[in-house]
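Asker: The structure under discussion is supplied below as structure tokens; questions concerning it will follow.
The values are calculated or read from the model by the stated rules, or taken from the named source; none is laboratory data. None of these values were measured; they are calculated from a predicted model. Reconstructed Cβ throughout: ideal geometry from the backbone, glycine too, with neighbour counts over all protein chains shown.
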Amino acid sequence: MTHRNDSATNRKLTRVSADEMQRIALYPGSFDPLTNGHVNIIERGLSLCDELVVAIVHNPNKAPMFSVEERMEILREVFPDEQRVRLTTFSGLLVNYAREVQANAILRGLRAVADFEYESQMANMNRRLAPEVETVFLMAEPGSFFVSSRLVKEVALLGGDISGSVPPQALARLTAKVKQLQGKRA
Ligand code: PNS
């Protein structure tokens with residue numbers, strides 16, 4: 001009898017804590033700069049969790065167009081009032097940061113087949129390092145399937161129109177940055 005009651009209590013406690021558990025997802029990336037594809041993943045990712053931690057990586061091996069601070073400003077401008085989006089930066093191993101922010105899941109967007117190999121390697125390595133953190137992929141929406149930060153920068157530097165691929169806040173920054181870089185070269 002006592003045993004049955006204990007089990008019932010345990011079951012109840014387990015259910016209560018599961019109900020109260022905050023689902024935190026971590027969306028890491030370079031965001032150099034933020035594209036409409038990223039924005040779409042953030043908006044859709046919010047339906048899967050209570051809080052979405054969007055984290056800009058400090059990567060000493062990459063030469064970015066925008067500083068981490070500039071990239072953060074763009075994110076802040078695009079998501080000024082969204083209480084459930086936390087904007088942060090991190091360096092070092094992603095899984096360590098995922099544990100630090102108590103994320104249950106790492107969120108990544110998946111575009112063309114070309115993304116798959118890189119993403120599956122990362123997801124499997126991250127799983128080996130931190131089996132408790134699941135990687136969740138959202139398929140890019142059709143309109144963003146071909147959009148990448150790398151292409152956006154290339155097209156902008158060559159004078160092409162990238163207004164359909166980035167949010168207006170990023171477009172303004174890109175236009176200013178291209179002018180600044182071209183001024184330096186002249
Ligand atoms: O937007 P990106 O550049 O595709 O994002 C890549 C990112 C930040 C997810 C990846 O470079 C990363 O996780 N960097 C942190 C260092 C790390 O944990 N490396 C091992 C990954 S298995």
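Asker: If you scan the stretch 113-136, which residues turn out to be surrounded by 15 or more Cβ atoms within 10 Å (Cβ to Cβ), out of contact with any helix residue (DSSP H, G or I) (no Cβ under 6 Å at 6 or more places or on another chain) and among the hydrophobic types (A, V, I, L, M, F, W, C)?
Answerer: Listed by number, the residues that qualify are Met122, Ala123, Val136.
Asker: Please give the number of the condition Ala112 fails out of (1) closer than 23 Å to Glu43 by Cα; (2) modelled with pLDDT under 95; (3) within 13 Å of the ligand (Cβ to nearest atom).
Answerer: Result: Ala112 passes all but (3).
Asker: Those residues that are over 25 Å from Gly92 (Cβ atoms), part of a helix (DSSP H, G or I) and among the aliphatic types (A, V, I, L, M), I need them from the stretch 19-51; list them, please.
Answerer: Within the stretch 19-51, Val39, Leu46, Leu48 meet the criteria.
Asker: Are any of the residues in the stretch 9-21 aliphatic (A, V, I, L, M) and at pLDDT 95 or above?
Answerer: no
Asker: Further question: Take Ala123 and decide whether it is within 11 Å of the ligand (Cβ to nearest atom) and either of a type in the set (Val, Ile, Thr) or in contact with a strand residue (DSSP E or B) (Cβ under 9 Å, 6 or more places away or on another chain) (or both).
Answerer: Against the criterion (within 11 Å of the ligand (Cβ to nearest atom) and either of a type in the set (Val, Ile, Thr) or in contact with a strand residue (DSSP E or B) (Cβ under 9 Å, 6 or more places away or on another chain) (or both)), Ala123 qualifies.
Asker: Another question, then. Would you mind telling me which numbered condition in (1) touching a strand residue (DSSP E or B) at 6+ places or on another chain (Cβ under 9 Å); (2) within 13 Å of the ligand (Cβ to nearest atom); (3) modelled with pLDDT of 95 or more Met139 fails?
Answerer: Among (1) touching a strand residue (DSSP E or B) at 6+ places or on another chain (Cβ under 9 Å); (2) within 13 Å of the ligand (Cβ to nearest atom); (3) modelled with pLDDT of 95 or more, Met139 violates only (2).
Asker: Identify the residue in the stretch 38-78 that is charged (D, E, K, R) and within 16 Å of Arg150 (Cα to Cα) and, among all such residues, is surrounded by the most Cβ atoms within 10 Å (Cβ to Cβ).
Answerer: The extreme case among them is Arg71.
Asker: Also: With respect to Asn126, is the statement that it is more than 26 Å from Glu154 (Cα to Cα), modelled with pLDDT of 95 or more and touching a Lys or Arg at 6+ places or on another chain (Cβ under 7 Å) true?
Answerer: So Asn126 does not fit the description; no.
Asker: Give Ser67, Ser30, Ser47 a once-over and let me know the one that is within 22 Å of Leu181 (Cα to Cα) and more than 11 Å from the ligand (Cβ to nearest atom).
Answerer: Within the list Ser67, Ser30, Ser47, the selection yields Ser67.
Asker: Can you tell which of Phe79, Phe90 is of a type outside the set (D, E, K, R) and touching a residue at least 60 places away in the same chain (Cβ under 8 Å)?
Answerer: Phe90
Per-residue answers, yes or no, for (1) within 18 Å of Ser30 (Cβ to Cβ); (2) surrounded by 10 or more Cβ atoms within 10 Å (Cβ to Cβ); (3) within 19 Å of the chain's Cα centre (by Cα); (4) not charged (D, E, K, R):
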residue: Ser144; (1), (2), (3), (4): yes, yes, yes, yes
residue: Lys153; (1), (2), (3), (4): yes, yes, yes, no
residue: Leu157; (1), (2), (3), (4): yes, yes, no, yes
residue: Ser165; (1), (2), (3), (4): yes, yes, yes, yes
residue: Ala170; (1), (2), (3), (4): yes, yes, yes, yes
residue: Lys177; (1), (2), (3), (4): yes, yes, no, no
residue: Gln182; (1), (2), (3), (4): no, yes, no, yes
